[in-house]
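This report refers to the structure that appears directly beneath it.
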Amino acid sequence: MLGNPHSTFFASNAAGAETLGNIQRLSEIETTYSLQRVNQAQEQGHEILIVERKQNPELVIKKLLLRNRDTGTYEYASSRRVFAQYGEIIEYPEKEWELVREVSGYGRNRDIADDWGAYIIPNDIVLGEKVYISDLIEDLVACRFWENVWYASDAQAIWTGERLNLDTAAYDSFMKIG
Amino acid sequence: MTLKIRDDEVYDQNGIWLKTISCPKKLAMRDLDEGSQGNYSCIFCEKTIHNTDIMTEKQIVELSKQQPDVCLSINLKNPLFERFG
């Protein structure tokens, strides 16, 4: 019996960003990483949500750097037994491939020094309103395929009056069932 | 030769319609149990949901023609499927 590839917790390849888009034409939430913009928005009467940026364990990339004992070729693999397209299983046995090192990384890299961002809430937002965040501060997984993981660059959320509840079910649209 | 997918409609490599992907229960992956052979099982319909991640284009086409009401799970990141429209 084949294992289910989607039960793998760690990914081995950061595949980039995936975007929902604002198909429903929802009101947009502005994101900023600038203290100046936060203060400006605050003076304009906007509510500000400061959000901590922290790593999501599901976006942690772990893989093996292997070296073929005969040819000397280096290769990455998520493990010594890898599921591939068409149900194929690729094996990297110890006797053929030596482990050079375990490699770790992260699936979302941003040029932002500080560990926070802020959402600027529109003054005309309505309690319970569904909104669109085009620049998501939080690190969420949008979708996976085999060893690859895509982070979510945007999101839909519901305004509770105090915070934005992210609708992670929106990312289900990357899978179709039926 | 990729299969084509537009909204919920799946077509073969020649553009011939294969099936509509539509779950009456509106299930998501988190609602499914792991079944046998890498597939999933549905707790509502007790049907097997065939995991196209581990199928070939030919297997998907043949299965869809033989069992028009077969349930499939399709990952839109699967290079077997090409989104259009």
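Which percent of the accessible area of chain A is formed by carbon and sulfur heavy atoms (probe 1.4 angstrom)?
Looking at chain A in its full context, I get 46 percent from C and S.
Using the Cα centre of the protein assembly as shown as the reference point, and only Cβ charges (+1 on K/R, -1 on D/E), how large is the resulting charge dipole? Debye, rounded to the nearest 20.
580
Which value, in Å² and to the nearest 10, is the accessible area of A:Lys54 when all protein chains are kept and the probe is 1.4 Å?
Counting only protein heavy atoms, A:Lys54 exposes about 140 Å² to solvent.
Got a number for carbon plus sulfur as a percent of chain B's accessible area, 1.4 Å probe?
48
Let me know the charge dipole size of segment B:30-82 about its Cα centre in debye, to the nearest 20, where only the beta-carbon of Lys, Arg (+1) and Asp, Glu (-1) is charged.
Dipole magnitude for segment B:30-82 comes out near 100 debye.
Just the number, please: percent antiparallel of the DSSP beta bridges in the protein assembly as shown, rounded to the nearest 5. All intermediate terms of the calculation are to be shown ahead of the outcome.
Details: 49 of 64 bridges.
If I count the DSSP bridges inside the protein assembly as shown, around 75 percent turn out antiparallel.
Explain nothing, just the number: relative contact order of segment A:92-176, from Cα pairs under 8 Å at least 6 residues apart, as a whole percent.
Answer for segment A:92-176 is 23 percent.
In debye, nearest 20: dipole of segment A:92-178 around its Cα centre with unit charges on the Cβ of K, R (+) and D, E (-)? Don't jump to the answer; show the numbers that get you there.
Working: 8 positive and 17 negative charges, 52 e Å.
Here the size comes out at about 260 debye.
Can you list the aspartates and glutamates whose alpha carbon is less than 14 Å from that of B:Lys26, not counting same-chain residues fewer than 8 positions off?
A:Asp172, B:Asp8
GNM, chain B, Cα, under 10 Å: largest mean-square fluctuation among B:Ile21, B:Ile43, B:Ile54?
B:Ile43
Which residues' amide hydrogens lie under 5 Å from the amide hydrogen of A:Cys143, considering only partners 5 or more residues apart or on another chain, with H built in the peptide plane?
The answer is A:Trp150.
Springs between alpha-carbon atoms under 10 Å, Gaussian network over chain B: tell me which of B:Lys25, B:Lys65, B:Lys47 tops the mean-square fluctuations.
B:Lys25
Towards the positive end of the charge dipole of the protein assembly as shown, with charges on Cβ (+1 Lys, Arg; -1 Asp, Glu), say which of A:Ile29, A:Thr160, B:Thr52 has the farthest Cα.
Working it through, the farthest residue towards the positive pole turns out to be B:Thr52.
Over chain A, what is the relative contact order in percent, taking alpha-carbon pairs closer than 8 angstrom and at least six residues apart?
For chain A, the relative contact order is 33 percent.
Where does each of B:Glu82, A:Glu28 land when they are ordered by accessible area, with a 1.4 Å probe and the largest first?
A:Glu28, B:Glu82
Taking amide H atoms as placed 1.01 Å from N in the peptide plane, list the residues 5 or more away in sequence, or in a different chain, whose amide H sits under 5 Å from that of B:Lys19.
Excluding prolines and chain starts, which carry no amide H, the hits are B:Val10.
With r defined as the distance between the Cβ atoms of A:Ala84 and A:Ile125 and R0 fixed at 51 Å, what FRET efficiency is calculated, to the nearest 0.05?
Working: r = 46 Å, r/R0 = 0.91.
The calculated FRET efficiency here is 0.65.
In Å², rounded to the nearest 100, what is the total accessible surface buried by chains B and A against each other with a 1.4 Å probe?
On the way: alone 5840 and 11020 Å², together 14430 Å².
Between B and A, the summed buried area is about 2400 Å².
Rounded to the nearest 5, what % of the DSSP beta bridges within chain B are antiparallel ones?
Restricted to chain B, the bridges split so that about 60 percent are antiparallel.
Probe of 1.4 angstrom, ligands and nucleic acids ignored: what's the accessible area per residue over chain B, in square angstrom?
With the other protein chains kept in place, chain B gives 55 Å² per residue.
Calculate, for segment A:56-168, the solvent-accessible area per residue in square angstrom, rolling a 1.4 angstrom probe over the heavy atoms of the protein chains. Let's see the in-between values first.
Values: 5890 Å² over 113 residues.
On a per-residue basis, 52 Å².
Using only alpha carbon pairs under 8 Å that are at least six residues apart, calculate the relative contact order of segment B:1-78 and give it in whole percent.
22
Name the residue, out of A:Asn22, A:Asn68, A:Asn56, whose mean-square fluctuation peaks in a Gaussian network model built on chain A with Cα pairs under 10 Å.
Answer for the Gaussian network model of chain A: A:Asn68.
Amide H of B:Ile49: which non-local residues (sequence gap of 5 or more, or other chain) have their own amide H closer than 5 Å, using H built in the peptide plane?
B:Tyr40, B:Ser41, B:Cys42
The values are calculated or read from the model by the stated rules, or taken from the named source; none is laboratory data. Not measured: the values here are computed from a predicted model. Ideal geometry is used to build each Cβ from the backbone, glycine not excepted, and the neighbour counts take in all protein chains shown. Calculation scope for accessible area: heavy atoms of the full protein, side chains included, ligands and nucleic acids excluded. Shrake-Rupley method; radii C 1.70, N 1.55, O 1.52, S 1.80 Å.
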